[in-house]
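Q: The structure that follows is given in the form of structure tokens.
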Amino acid sequence: MAKDLEHLKFIREADVYKAGTLAGHLNRTGRGTVTFAYSSGYLDRGAGPVATTLPISADAVESPSGALPAFFAGLLPEGHRLTVLKDAVKTSLGDELSLLLAVGADVPGDVQIVPAGDTPVEPAALADAAHPEDLDFAALARAVDPHGLPGVQSKASASMLTTPLALAGRRYLLKLDPPWHKHLVLNESAHLAGAKALKIPVAKSSIVHDRNGLPGLLVERFDRLSGGGMVRLALEDGAQVLNLPPASKYSVSSEDVVQALAGLCKAKAVAVRNLYLQFVFAWLTGNGDLHAKNASILEGQRGWVIAPIYDVPCTLLYGDDSMALTVAGRAKNLKAKHWQEFAANIGLPQRAATAANRIALTAAAAIDLEALPFTGSPLNGALRELRFRRGELDD
């Protein structure tokens with residue numbers, strides 16, 4: 001596959017499809033920049049924008065130094081999977097258009113990016129088997145991946161290796177334990193299960209094992225609907241909505257993310273409460289990786305809604321004791337008063353915040369860290385810190 005991807009460095013124009021319709025073009029200029037412009041035919045149709053940060057206009061949007069507009073940059077995988085892709089294309093991490101062309105036929109949401117003149121075709125999954133026990137998960141993690149799905153992040157939860165897997169005709173992510181963060185699959189599985197008690201949407205998942213007994217977390221993609229043909233749903237994470245490149249996902253506040261995402265939802269009050277629950281649950285369970293790319297909006301029949309919860313392991317077990325984003329100005333040593341301030345800042349009435357705290361406390365308390373294969377200082381330190389945090393919000 002590596003040889004097949006090298007030619008992407010020399011492609012100067014790409015077509016951008018929105019929900020299966022040609023919407024615009026990405027072009028390399030002679031100045032070393034990349035532009036995005038809507039096609040005249042798409043403008044004439046009066047269709048909706050490709051992204052919330054790319055409003056319908058006849059004017060081109062230009063990005064410097066080979067970078068893509070933030071929405072498109074946010075479609076790229078990260079970490080380990082991006083490095084493997086870069087090596088296969090034989091380019092630099094700064095050559096974002098070439099990297100996007102390698103995975104653009106299947107990226108999060110309903111947008112596809114392909115070389116100009118090509119018809120978007122769903123790439124084959126790395127594995128398509130009725131029984132995961134027939135697969136070798138470790139080999140999948142090392143493979144060059146034609147799918148632009150979220151990859152390795154710099155903190156614990158997203159250092160999980162992620163590959164696409166198609167089972168029984170549906171679309172999934174398969175997450176595996178990286179060697180530097182043991183038991184991450186079991187960790188995240190327990191917290192996804194616990195998050196269901198929040199009574200807001202949660203990504204569907206299950207534990208599977210390959211032929212070598214290696215565990216994997218099979219997570220169903222919520223931006224795809226199956227039945228009578230696959231339907232792609234528009235999806236944007238907080239960094240994309242804030243028009244930030246992926247590298248800036250830690251540079252904003254929790255308030256910024258909540259206000260940006262909820263502000264696009266038709267039922268704003270419902271969205272604010274949903275996101276408050278996500279952030280307070282993250283704190284109560286020791287998840288220090290709820291950054292701007294780990295909260296998203298999903299477009300349904302009635303407009304934007306908050307996407308199901310995803311990427312929620314306890315990073316305290318790996319020594320990460322801070323929030324990814326500040327809450328009321330702080331990322332560490334939070335107390336009840338800071339959550340009261342956070343609720344006020346995002347427009348959540350205090351009575352609603354208190355009720356949400358009770359729900360989050362109940363959900364967090366039901367997760368038994370001692371049932372996971374952690375021992376010694378990592379486990380004892382996490383339990384001690386979580387007792388303090390839960391005590392702060394326990395009326």
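The values are calculated or read from the model by the stated rules, or taken from the named source; none is laboratory data. Computed from a prediction, not measured in an experiment: that's the story for all the values here. A quick note on method: Cβ atoms are made from the backbone with ideal geometry, for glycine too, and the neighbour counts reach across all protein chains shown. Side chains are part of the model used for accessible areas, which takes the heavy atoms of the whole protein and leaves out ligands, DNA and RNA. Shrake-Rupley method; radii C 1.70, N 1.55, O 1.52, S 1.80 Å.
Q: Order 276-289, 204-217 from most to least packed using the mean count of other Cβ atoms within 10 Å.
A: In descending order of packing, they fall as 276-289, 204-217.
Q: What is the chain's relative contact order, in percent, from Cα pairs under 8 angstrom and six or more apart in sequence?
A: Relative contact order comes out at 13 percent.
Q: Same structure, new question: If you take the square roots of the eigenvalues of the alpha-carbon gyration tensor of the range 32-132 and sort them as a ≥ b ≥ c, do you get rounded (a/c under 1.5), prolate (a/b over b/c) or oblate?
A: Judged from the Cα gyration tensor, the range 32-132 comes out oblate (a/c at least 1.5, b/c at or above a/b).
Q: Next question. For Ala307, what charge total do you get from the other residues with a beta carbon under 10 Å from its beta carbon, if Lys and Arg give +1 and Asp and Glu give -1?
A: Result for the local shell: -4.
Q: Excluding residues on the same chain fewer than 8 positions from Lys196, give the lysines whose Cα lies under 19 Å from its Cα.
A: Reachable lysines: Lys204.
Q: Work out the FRET efficiency for Glu133 and Lys204 from their Cβ-Cβ distance, taking R0 = 25 Å, and round it to the nearest 0.05. Don't skip to the answer; put the middle values down first.
A: Working: r = 20 Å, r/R0 = 0.80.
Calculated transfer efficiency: 0.80.
Q: Then there's this: If you roll a 1.4 Å probe over the chain with all protein chains in place, what percent of the accessible area is carbon or sulfur?
A: Reported share for carbon and sulfur atoms: 53 percent.
Q: Could you work out how far apart the two model spin labels at Asp44 and Gln301 are, taking each label as a point 7 Å from the Cα in the direction of the beta carbon, and quote it in nm?
A: Modelled inter-label distance: 3.3 nm.
Q: Given Lys249/Lys293; Lys9/Lys90; Lys293/Lys332, which pairs have Cα atoms separated by over 18 Å?
A: Lys293/Lys332
Q: Which FRET efficiency value, to the nearest 0.05, do you get for Lys266 and Glu341 by plugging their Cβ-Cβ distance into 1/(1 + (r/R0)^6) with R0 = 25 Å? Kindly include the intermediate steps, with their values, before the conclusion.
A: Working: r = 27 Å, r/R0 = 1.08.
Approximately 0.40, to the nearest 0.05.
Q: Counting only heavy atoms of the protein chains, get the accessible area per residue of the range 315-395 (1.4 Å probe) and round it to a whole Å² value. Each step should come with its number before you reach the end.
A: Details: 4180 Å² over 81 residues.
Here the residues of the range 315-395 average 52 Å² of exposed surface.
Q: Gain in length, Thr33 to Asn380, computed as 0.36 nm per residue apart minus the alpha-carbon separation, to one decimal in nm?
A: Difference between extended and current length: 119.8 nm.
Q: Contour minus end-to-end for Glu370 and Phe388, with contour as 0.36 nm per residue of separation and end-to-end as the Cα-Cα distance?
A: Extra length available between Glu370 and Phe388 comes to 4.8 nm.
Q: For Ala116 and Asn333, compute 0.36 nm times the residue count separating them, minus their Cα-Cα distance, and round to one decimal in nm.
A: 73.0 nm
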